[in-house]
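Here the structure is laid out as structure tokens; the discussion comes afterwards.
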Amino acid sequence: MNTDSDFPPVPRSRSAHGSPAHGQTTEPEPDPTGSRTAVAVDNPDGVDLAPYTIPPVPAIGWDPGASPRRRRIALGLLGAVLTVQAALSLRLLAAAHPDEAAAMVAGRQQLAHLLHGTPVTTDLVDRVHGSPWLYPPLAGAAADANGIWGTRLLSLGFALLTTVLLYSLTRRLFNERVAICAIAVYAVLQSTVVVGFYAAPESLAVLLVALAAWTTVFTARRHPALALLAAPPTALACTVAYSAAFAVPALMALAFACARPYHRVGPAGLRALLAALGTLVLLLPYGTLGKVAGWSPSHGNAPGSAGSILVATLQWAGLFTVLAVAGTIAYARREQMNEHDAPERDAVPTTRGLRALLGATLTVTALLVPAAHLWTGTSGALFRHLGYGMLLAAPLAGVGLTRLVGAHFRHPQLGILAWVALLALGLEQSALRYQNGPDSGRLLAVLAAHTQPQGRYLTEVDGLAEYYLGSVSKPEQWVSARTGTEYRDGAGVQHHGDDGSVAAIRDGWFTMVVLDSTAPRATDRAVSEALSTAGHYRLVAQFTSPTGDSSTYKVYLKH
């Protein structure tokens, strides 16, 4: 029920003596307290009846009382959304992608080093853009337990916990209705579905960002010092995946925006300052702050034109972003539906400025992530990085969906239409994402046929051969072209990086070279030119993506 629900006046007629006519009711008369409306009923049979009263209309969208029935319904809907999300992710059956394979191989070696002191011999540790001691060992343990399925199920667990935290923090910001709409929208997005079944550190990093946001919202009314509780998950998220730095500005602003209705500007600003300082202090050890600050989307990711990045962003996040921005505008302009969940006695006055601040804080990251990829001209990990912005903007997308439906569910068909459109896009886009690379099965067959126990291999397809061909080769035999080669030529000159790869190819040092067109442009160009001029290698296989994009694998074998 909403405050804009008014009962229409009851028509009445009176007898000649001024009393109500037979079969009519009198005008409602307010009681002395003004909280209930007394209504006298005509009594045609002459029997004295006590007047009844109409209870007051609640001032929020849902009854503010925490009734067991309301909680059961909300938890049932939460379970239904989690089931749908898990089903969408579990249907994505495919071989490991190079990034997943690299994480598992590096993780296994890191885990063995932690447990048994075994030396780390693979250079795939540098392929994981985060601390090698956090996510990779978890991925390695899951891979040891159940291969790629174990690692992907670990990511699925992280994703489902993220959705639960999103529900809880949205409920605290608004109410159950908005929270259910927010998670229903978030759970079917391509980034959510894919990262929820993808062996990458972003799955854990997004969970930690959600935990930091939940902690910030949970402590908004309390002492400013409690804002420090959000610093550990924020710093840990940035350490697990450097890309989580996208969410840090929004988390700091959220510490101010969600506390401002309950505190003056000074204490609210102090909360944001304490959260920022706590995060910085925790990132200082081991040079982590420098790594996070120096990270950019261009590190190890495929190049992309501005047009392709914009098209991908519109396809993967366009409708969701429109819904979130519309929710922000509608919430800032009018709080008619009173999405706040606090009982009236605990309600705080909100102004248009405060509502606009909260909405902009939550939605800005959804626009920041594609802007950063446009600035750096890279698109390789865009589908994973969009998850940070979508997570934080989801509460306002929930507001947008509830406003679209309207008070008293006046237009449920509009909400259903918007959600079905998001579901259809998520289904198609997540399936294409798992088919968006060349045929790795055919590539592995070629590599297995030419792999030798004593061979040396340069590859831009990090991880696949090391993971699937572990029985016929060792990880140290495969050198990542993305990180470069340490090579000393016949004259005793030491070469590094791309120059080392070029010098080794010129001398015919590698047995086989594998190229991937999604590798960094400078590296791919340097290696390709060296192969064409060295005269030691011939092209034995080439596989183009079955979806028709420009991604291609090429395999060169030494004569």
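Taken together, the values in this text are just the output of simple stated rules run on the coordinates, not laboratory data. Note that the structure is a prediction, hence the values are computed from the model and not measured. Here the Cβ positions follow ideal geometry from the backbone for every residue, glycine too, while neighbour counts run over all protein chains shown.
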Sites residue 264 and residue 417, calculated FRET efficiency, Cβ-Cβ separation with R0 41 Å, nearest 0.05: 0.40
Additional length obtainable on full extension of the chain from residue 223 to residue 310, 0.36 nm per residue less Cα span: 27.1 nm
Protection proxy ranking, peptides 352-364, 193-205, 97-109, average beta carbon neighbours within 10 Å, highest first: 193-205, 97-109, 352-364
Where labels lie 7 Å past Cα in the beta-carbon direction, separation of residue 69 and residue 410 in nm: 2.5
nm² value of the averaged projected area, convex hull over the Cα atoms of segment 218-299: 5.2
Linear extension gain, residue 286 paired with residue 333, 0.36 nm per residue minus alpha-carbon span: 12.3 nm
Length-normalised contact order for segment 440-558 - Cα pairs under 8 Å, 6+ apart - percent: 23
Point-charge dipole on Cβ atoms (K/R +1, D/E -1) for segment 440-558, about Cα centre, debye to 20: 320
Cα-based Rg / Dmax (Å) for segment 440-558: 13.6, 46
Global form of segment 123-195, assessed from the alpha-carbon gyration tensor, a/c cut-off 1.5: prolate
Percent antiparallel among DSSP beta bridges (both partners in segment 440-558, rounded to 5): 70
Protection-proxy order for peptides 173-184, 242-253, 440-451, each taking the mean of Cβ atoms within 10 Å per residue, highest first: 173-184, 242-253, 440-451
Global geometry of segment 493-548, whether rounded, prolate or oblate, following the gyration tensor of its Cα atoms and the 1.5 cut on a/c: oblate
Extension gain, residue 428 back to residue 146 (0.36 nm per residue minus Cα-Cα distance, nm): 98.8 nm
Label-point separation in nm, residue 371 to residue 544, each point 7 Å along Cα→Cβ: 3.8
Sorted by Cβ neighbour density within 10 Å, fewest at the top, the residues 456, 91: 91, 456
